[in-house]
1. Take every Cα-Cα distance within the range 47-285, group them into 5 Å bins from 0 onward, and report for each bin the whole-number percent of pairs it holds.
2. Helix 274-285 versus the longest principal axis of the chain: what is the Cα-based angle in degrees, 0 to 90, to the nearest 10?
3. Do any GluC sites (Glu not before Pro) in the range 1-42 lie in a loop, going by DSSP, with at most 10 other beta-carbon atoms within 10 Å of their beta carbon, and if so which?
4. Could you tell me how far the Cα centroid of the range 237-299 sits from the Cα centroid of the range 101-152, in Å?
5. By how many degrees, 0 to 90 and rounded to 10, does the Cα axis of helix 183-193 deviate from the longest principal axis of the chain?
6. Per 0.36 nm of contour for each residue apart, how much would the distance between Arg191 and Met8 grow if the chain were fully extended, relative to their Cα-Cα spacing?
7. What does the convex hull of the alpha-carbon atoms of the range 247-288 project to on average, in nm²?
8. So what's the angle, to the nearest 10 degrees on a 0 to 90 scale, between helix 100-111 and the longest Cα principal axis of the chain?
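No lab work stands behind these numbers, since they all come straight from the coordinates. Nothing here was measured: the structure is a model prediction, and the numbers come from that model. No Cβ is skipped: glycine too gets one built from the backbone with ideal geometry, and neighbour counts run over all protein chains shown.
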Amino acid sequence: RLRLAPRMSRLRPSPTAEISQRLRRLAAEAREVINLGEGELDFDTPVHVRRAAHDAIERGETKYTSVAGTQVLREAIRDKLHNENGLDYTLDEIIAGPGAKPLILDALMATVSPGDEVIIPAPHWVSYPDMARLADGEPVILPCDAASDWKPTPERLAAALTPKSRWLVLNSPNNPTGAILTAEELSALARVLAPYPDVLVLCDDIYEHIRYDGLPFATMPEVEPALKSRCVVINGVSKAFSMTGWRLGYAAGPAPLIKAMETLQSQSSTNASSISQAAAVAALREERDFMDEWLTTLDERRHIVLEAIERAPGLACGRPQGAFYAYIDCSGLIGRKRPDSDVIKTDGDVAAWILDASGVGLIPGAAFGTSPYLRLAYAVDTDVLRRAMQGIVDACKQLG
Ligand code: PLP
């Protein structure tokens, strides 16, 4: 019998992958299924980025690179952070890796000692608590609610901080709620952190460019320069440039931490794909005309979703400010009866019913630490989304 390491018992498989698997099973039965679970844009990677990758291959840039990423890429990241975020970093304060995800894990692995606490506002991206546990830390969930627009309040942060606190994880625009932290809200959190000099701040800015209604973007080290030496900015090309499969993310922060992350990367993935690095240089350096069109399309989809949710008995949803998710309150369906007579008890039951009745895959809020909710990703073709939303409305109407 294969004996797995004890650390495996601290991890759950990614819940988003689980729903995708269930959808594939339904599809194999020749049912039409629509996956609104996956956090991935349906747009093609921009053509100039794809060309840059081809060119890199033809130039023979198909070998290992330096662990932290090629100099041209780190320069492009440095200039991006300077020009767009007003942040000045030197090249030894920047690392590129195979996605934002492994860089977040590396940042935690490099700093968390057994028993250290990682404060994670909920609802949260599915991976943070598991990553904290993998790094021998304790995830401390800081509950947020719809009444405060899903944002961590200074009072709740103050209550969560202890002498063991090591990290505060901020993710704005947020997955799964779309909430965007304003400069004032970040400053208020910074004031609470001031007396805790050992607490680091992870700023997961991966959805930076996906915002609606003209809302501005702010990140902690920009708003509070005094805290910059305690912040790690995480970003990447997955979401902004529809490049999830290219696996390219980056981090910027204090040189000793970046150096430690580089050591970890040197003993694991070595470096991000050389071809993806060349593509990311083009993504970060060149014109972004395509982005306005993408955002217009996403905004239209956001309205399709909100309009349908209003028609769906038992569902309710606030207006997401950014990213491409709706976080839908399904408390109105708890206690209702499926036509096959099962009573719906959890958001998992709601997601299962919607999947069975309409073939539409959503992720239960439990995966993000807040129930009963459903996360819907409106990152699929607009007509497909319209069909999916009608399916959801019909499924809700069928409940007794
Ligand atoms: N952070 C958040 C909040 C995300 O939603 C995701 C992807 O879903 C990531 C990080 C990971 O991005 P990457 O594809 O760069 O690893």
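1. Histogram of Cα-Cα distances, whole percents per bin: 1, 7, 14, 19, 20, 17, 11, 6, 3, 1, 0, 0.
2. 90
3. Working: sites: Glu18, Glu29, Glu32, Glu38, Glu40; in loops: Glu29, Glu32, Glu38, Glu40.
Those that pass, being in a loop and sparsely packed, are Glu29.
4. For the range 101-152 versus the range 237-299, the Cα centre distance is 21 Å.
5. 70
6. Answer, rounded to one decimal: 62.1 nm.
7. 3.5
8. 60
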